[in-house]
Amino acid sequence: MGIRDRLSGNEAIANAMKQINPDVMPAFPITPSTEIPQYFSQFVANGEVDTEFVTVESEHSAMSACIGSEAAGARTVTATSSAGLALMHEVLYVAASSRLPITLACVNRALTGPININADHGDSMGARDSGWIQIYSENNQEAYDNFIQAFRIGEHPDVQLPVMVCQDGFITSHGVENIELIETEKVKNFVGDYCPENYMLNPNETIAHGPYDSPVYYMEHKRQQLEAMKNAKEVILSVGKEFGEMSGRFYDFFEAYKLEDAEVAIVVLNSTAGTAKDVVDAMREEGKKVGLLKLRIFRPFPGEEIAQALKNVKAVAVMDRHEGFSTIGGPVFSEVRTVLYDLPNPPKTISYVYGLGGRDVRTIHIESIYNELLAVKDGKDQGEAYRYLGVRE
Amino acid sequence: MSNLTEIRWHGRGGQGAKTASLLLADAAFNTGNYVQGFPEYGPERMGAPITAYNRISSAPLRVHSNIYEPDFVVVVDETLLSTVDVTAGLKAEGAIIINTPKSVDEIKSKIRGYSGRMFTIDARKISEETLGRNFPNTPMLGAVVKVSGVMEEKAFLDAMEGSFKHKFATKPEVISGNMAALKEAMQEVAK
């Protein structure tokens with residue numbers, strides 16, 4: 001039995017960090033993730049963990065310190081948001097290509113221009129090509145559960161990649177909700193000790209990190225990195241299953257909610273998935289066959305599995321809380337549509353950009369999407385496939 | 001069926017409406033409910049209008065939007081009545097609770113288009129008498145629990161005493177004042 005509690009998403013992450021007791025945490029505060037290092041530094045000050053907490057002068061330095069300590073052989077965590085993740089951008093690639101399984105709590109917030117502090121996936125979507133595994137969380141419970149699993153995934157010998165665990169800024173990071181925590185002893189046993197095969201502070205086998213890589217080898221190293229990302233898929237599934245056996249909460253690449261017999265479906269990630277579940281239930285009561293695919297793993301992208309899950313629906317809306325300016329739809333939409341292309345009878349697809357800069361998403365908005373999809377299923381002309389939800393034109 | 005109660009708080013930055021919503025979530029959690037307590041964040045300025053929310057239910061809560069059709073509205077600062085549409089979406093079978101020294105009859109004219117129940121409470125007076133300072137959020141918390149009946153009163157007071165003991169571990173002298181503020185508000189608002 002777990003421990004019944006009520007915590008904000010930020011408290012949940014800080015609590016997971018406390019239970020794991022990592023070796024090093026370099027961090028620089030930024031809204032809305034500031035509370036994570038704030039709470040954690042209290043645990044350090046109180047002696048509840050023996051983590052080395054490194055205060056730095058910027059997020060670029062925070063990630064650089066993460067790289068140094070993880071390369072040395074120390075289990076390392078950090079947290080950031082928005083411009084903080086953007087300032088880390090250069091070194092995110094160094095962490096991934098050096099195969100350093102750093103764990104980062106990303107509290108999703110809009111990027112500046114105009115300045116905004118609220119929920120938006122522009123920060124992590126901007127880092128989607130950096131080589132980090134990305135896990136998204138519907139609520140505080142999933143942020144906590146995903147953060148605990150991240151160590152097992154990233155540190156697995158077949159993977160050795162950094163992992164960012166994302167949740168929506170303010171909506172879940174600052175919202176207090178019920179949560180079931182796992183006993184610390186169980187968390188510690190599940191995560192285990194960090195025993196990297198190669199690390200810089202091993203005097204018996206010296207290694208170099210970050211040397212110049214000429215055209216003779218660079219491409220092979222990228223290919224190996226891709227292989228690690230592919231390997232992550234199997235590890236994510238086995239860790240999700242093992243976590244379920246411990247906690248009762250099982251995790252897959254995505255949650256297929258009432259999707260089995262659905263005629264139309266929405267694909268969405270993070271907190272809006274919870275709102276969509278309420279809408280699915282209400283519309284199912286009215287006999288409408290609607291379903292939801294809540295994407296949990298965005299990197300690696302579980303393309304084949306998504307195509308299989310959506311192969312029988314007639315129309316799909318893919319929701320993006322980010323404008324990527326491709327002018328052909330949001331980033332999640334583009335990838336979902338790509339994998340549906342190979343199906344013999346692919347569903348109609350519509351891209352909905354929503355919730356930018358914290359614009360609230362209500363059940364009536366989700367319901368309007370399902371009604372539109374049902375109309376398309378019944379033969380209505382699909383019309384514009386690239387839409388904005390709830391925007392004033 | 002779940003018995004969902006949705007509450008919207010209107011206050012000004014610095015008055016503790018956010019803290020009150022988190023305390024209510026705490027108390028509802030401690031009495032066995034599923035809870036949400038969350039503020040709507042904007043630029044954080046002392047005195048600017050702010051909104052905070054509570055959902056309390058016997059079933060798990062999944063929706064992650066603000067509350068547009070609340071069962072109850074709590075107005076921590078009377079001056080908001082002329083600038084914020086505090087009764088927007090408020091259910092007719094619900095109620096609004098306003099912090100003011102005025103009576104319901106005196107303040108009625110400021111709340112147009114709402115036919116439901118109205119309550120006033122002088123949270124400032126109660127706070128100054130029990131706590132020696134103007135912390136309106138504690139009396140308003142007692143008032144909303146009394147009016148909404150969202151929790152059994154004794155269970156609420158026991159849960160709050162536990163919360164205050166935890167929150168004020170380093171200054172236990174303020175616990176009795178806070179408890180008195182809650183109790184007095186629960187009596188006064190019902191009048």
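The values are calculated or read from the model by the stated rules, or taken from the named source; none is laboratory data. Predicted model, so just to flag it, every value in this text is computed and none were measured. As a convention, Cβ positions derive from the backbone with ideal geometry for all residues, glycine included, and neighbour counts pool all protein chains shown. Side chains are part of the model used for accessible areas, which takes the heavy atoms of the whole protein and leaves out ligands, DNA and RNA. Shrake-Rupley method; radii C 1.70, N 1.55, O 1.52, S 1.80 Å.
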Probe 1.4 Å, protein heavy atoms only: A and B together bury a total accessible area in Å², to the nearest 100, of 2000 Å²
For region A:3-247, with all protein chains present and a 1.4 Å probe, just round the carbon and sulfur fraction of the accessible area to a whole percent.
52 percent
My understanding is that a pair violates if its Cα-Cα distance is over 31 Å; which of A:Lys188/A:Lys230; A:Lys188/B:Lys18; B:Lys18/B:Lys183; A:Lys186/A:Lys230; B:Lys18/B:Lys165 do that in this structure?
A:Lys188/B:Lys18
Accessible area (Å², per residue) of the protein assembly as shown, counting only protein heavy atoms and a probe of 1.4 Å:
43 Å²
Counting only other chains, and only Cβ atoms inside 10 Å, what mean value do you get across the residues of A:276-282?
2
Please list A:38-44, B:168-174 highest first by mean number of surrounding beta-carbon atoms within 10 Å per residue.
A:38-44, B:168-174
Counting all C-alpha pairs of region B:5-189, share separated by more than 28 Å (%):
17 percent
Can you compute the helix-only [θ] at 222 nm over chain A? Use -39500 (n - 2.57) per DSSP H run of at least 4 residues, normalise by all residues, nearest 500 deg cm²/dmol.
-13000 deg cm²/dmol
To make sure I understand the rule: partners must be aspartates and glutamates, Cα under 14 Å from the Cα of B:Lys91, and not fewer than 8 residues away in the same chain. Which ones qualify?
B:Glu6, B:Glu69, B:Asp71
Taking N as the number of residues in region A:77-181, what is its alpha-carbon radius of gyration divided by 2.2 N^0.38 Å?
1.05
Partner aspartates and glutamates whose C-alpha sits under 14 Å from that of B:Lys102, ignoring same-chain residues fewer than 8 away, are B:Asp77, B:Glu78, B:Asp122, B:Glu188
How long is the gain from A:Thr112 to A:Glu197 if the chain were fully straight, where each residue apart is worth 0.36 nm and the alpha carbon distance is subtracted?
26.6 nm
Return the lysines within reach of A:Lys311: Cα separation strictly under 18 angstrom, same-chain partners fewer than 8 residues apart disregarded; answer none if there are no such residues.
A:Lys258, A:Lys289, A:Lys294, A:Lys348, A:Lys377
Cα centroid separation, region A:343-371 to region A:1-40 (Å):
32 Å
By average C-beta atoms within 10 angstrom, highest first, the peptides B:8-16, A:90-98:
B:8-16, A:90-98
Size of charge dipole - chain B - debye, nearest 20, with Cβ of Lys, Arg +1 and Asp, Glu -1, no other charges
200 debye
When chain A is treated as a Gaussian network with springs between alpha carbons less than 10 Å apart, the largest mean-square fluctuation among A:Gly73, A:Gly244, A:Gly122 is found at A:Gly244
Taking beta carbons within 10 Å but only from partner chains, what does the mean come to for residues A:171-180?
6
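Place the peptides A:342-355, A:188-201 in order of packing, highest mean first, counting for every residue the other Cβ atoms within 10 Å and averaging per peptide.
Packing proxy ranking, top to bottom: A:342-355, A:188-201.
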